[in-house]
1. Between a first residue in the range 361-372 that is within 14 Å of LEU325 (Cα to Cα) and free of Cβ contacts under 8 Å to residues at least 60 places away in the same chain and a second residue that is in a helix (DSSP H, G or I) and of a type in the set (Val, Ile, Thr), which pairs have beta carbons less than 9 Å apart while being 6 or more apart in sequence or on different chains?
2. Output the residues belonging to the range 231-286 that are in contact (Cβ under 8 Å) with a residue 60 or more places away in the chain and among the small types (Gly, Ala, Ser).
3. Taking the range 130-178 as the region of interest, how many residues are in contact with a helix residue (DSSP H, G or I) (Cβ under 7 Å, 6 or more places away or on another chain) and assigned to a helix (DSSP H, G or I)?
4. Quick check on my filter: what residues within the range 179-190 are buried (at least 20 other Cβ atoms within 10 Å of the Cβ) and at pLDDT below 90?
5. Would you confirm whether any residue within the range 279-300 is modelled with pLDDT of 90 or more, more than 22 Å from VAL406 (Cα to Cα), outside any loop (DSSP other than H, G, I, E, B) and not acidic (Asp, Glu)?
6. Looking only at the range 1-48, which residues are among the polar types (S, T, N, Q) and within 21 Å of GLN105 (Cβ to Cβ)?
7. Based on this model, can you work out whether GLY30 counts as modelled with pLDDT under 90, on the phi > 0 side of the Ramachandran plot and surrounded by fewer than 18 Cβ atoms within 10 Å (Cβ to Cβ)?
8. Anything in the range 55-72 that is under 35 Å from the mean Cα position of the chain (by Cα), surrounded by fewer than 20 Cβ atoms within 10 Å (Cβ to Cβ) and of a type outside the set (S, T, N, Q)? List them, or say none.
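The values are calculated or read from the model by the stated rules, or taken from the named source; none is laboratory data. It should be emphasised that the depicted structure is a prediction, and the values quoted were computed from it without experimental measurement. Reconstructed Cβ throughout: ideal geometry from the backbone, glycine too, with neighbour counts over all protein chains shown.
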Amino acid sequence: MLRRNKAKYMFLEEMTKQMKFLDILLLGDGLQPDAPRQSVKAYRFFHSWRASAPVFGLDNIGQPAMELELLWRWASDPKSANLELSEWAAKFRSTCQATLPYYQQIDLERSIRIKELERSDSMDRIQQPDKQQRLLVVDDDPFLRSYLAQNLKLDGYQVDEAGNVEAAKSLLRQNTYNLITLDLIMEPTMGYELFEFLKQDISLRWVPLIVLSGRNDLHDKVSCFRLGADDFLTKPFEMDELMARITRILSRMTEFEQMAFRDPLTGLYNRRYIDNQFDMEIKRVQRNPASLSICFLDIDRFKLINDTYGHHVGDLVLQGLAHKLQNSLRTSDIIGRYGGEEFIVILPETDAEKAKLLMEKLLSSIRGMPIARNEGREYTITFSAGIVEYDGKGKTSEWLSRADSVMYQAKQDGRDRIYIESDMNGVVDSSDEPL
C-alpha cells in the first residue's frame, strides 16, 4: 500500500477495535453503574471519527459520525450527572435507538473500505518485488537526497546516498544495487559520466536507472534514453509517482529474471545466471580483495530415487533440497541449480574452512529428516559436496572444474560428506562412477 493507504488502514483497524466496545454499549439499558463513563467514551470515539475520517478521504464515515457526535454530546455535559437514574437511562436508550441507522451506515462503509484496501494490498504484493532490494540515490542536493532516501526507506527499501558521481562510483564498487536514481545536473561532474561507468562494467550494465532532472529539456531526455536510462522524471515530481515507477521497473526486472535466470522447477538461479555471477564475484574480489568460495554439491544416489519411485518424486526431492538451501544458508550466499541433481553455492567473503563448516551444518540438518513427502510417504537424502576457495588462478571454468573434482572425490570416499581441496586423497578413479 502507499503510505496514505497504510495510514487509512490503521485508522479503520482502530475503528474496528472501538466498535467492539460500542457494540456492547448499545445493547445496554443504561442502568449499569459504569454506563455514564462508557457513554462519555462513546462520545469521544464519535468526535474522533468525525474529525479524522475526512483526512483519509472517508467522508461517508465522517458525515454520520458528526450526527453521532451531536447525539451523544449530552453524555459529556456535567449537567447529565444530576439527572435521576431512571431519567438518565431513558435518555441513554433513546440515544442508542437514534444511533443505530448512523452506526450501521458507518459499519458498512468501514467494512467495504477495509476490503478494498486489503484487495489493493494483495495486488501490490503480487506486482511488487521483494522490498529488501537495495537502491542508490545520487543527488548533490542534500535536502532532496535525504527526502528521497527517507521515503524509499519508509517503503521498505534499503537505501544508500551519494552526493556526487565519484561517491556513487565508490558505492557501486562496494555494493550490489537493484536500481539507481540519478540527478542529471550536478557539480562538479554531470550525471552523464555515471552512464559510461555503468556501461563499462558487466556487473553494473543491467542495473535500472531513473534520471531526475531539474531541466525539462527534450535533448536531455533523448540523450539519457540513448545512453541507457530506464525512466526520466522532471523536478519537481510527485513522490507517489516516483514510487510507482520504481515499483514497476523492479517488478519487470523480477519478471525478466524469473524467465531468464531462474530454474523453473526449483526457483533457484539457473546455470546461465551462476556462470555470469562467477565472473561478477571474481571481478569484485579482484577490485576489493576478500575470501570467496564455491561449493559444488550433488544428491547421493539420486538416479536410484528416480528409477525406484519415479521422476515425480525425484522432482519433489529437488524442490525440497532447494527449499532447504534457501532457508538454511545466508542471504549473501548465491544458490543455483547447475543441472540434474547438481547444485552450486557461491559464498562471498568466506574461506574454504568456514564454507565447509556452513555446509556440514546444512548436511547434518538434512540427515534423517524428510526432504519430501508424497502420498503419505517420506523421502530422505544425503549429498556430497566439494568446496574450493578462489586463489586468483585459472579461468572461471577451471575453478568450477576443481570444485567438481573435489565433490567427485567425496562421492568416491563414501558419499554423505563435504570435502575441500586439502581433504583430497589420491587421484579419482573415474572407472567406478558413483551415483
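1. Pairs found: ILE371/VAL317; ALA372/VAL313; ALA372/VAL317.
2. SER251
3. Count: 6.
4. Matches in the range 179-190: ASP183, LEU184, MET186.
5. no
6. THR16, GLN18, SER39, SER48
7. Numbers: modelled with pLDDT under 90: yes; on the phi > 0 side of the Ramachandran plot: yes; surrounded by fewer than 18 Cβ atoms within 10 Å (Cβ to Cβ): no.
Judged against the criteria, GLY30 is not a match.
8. Selection gives VAL55, PHE56, GLY57, ASP59.
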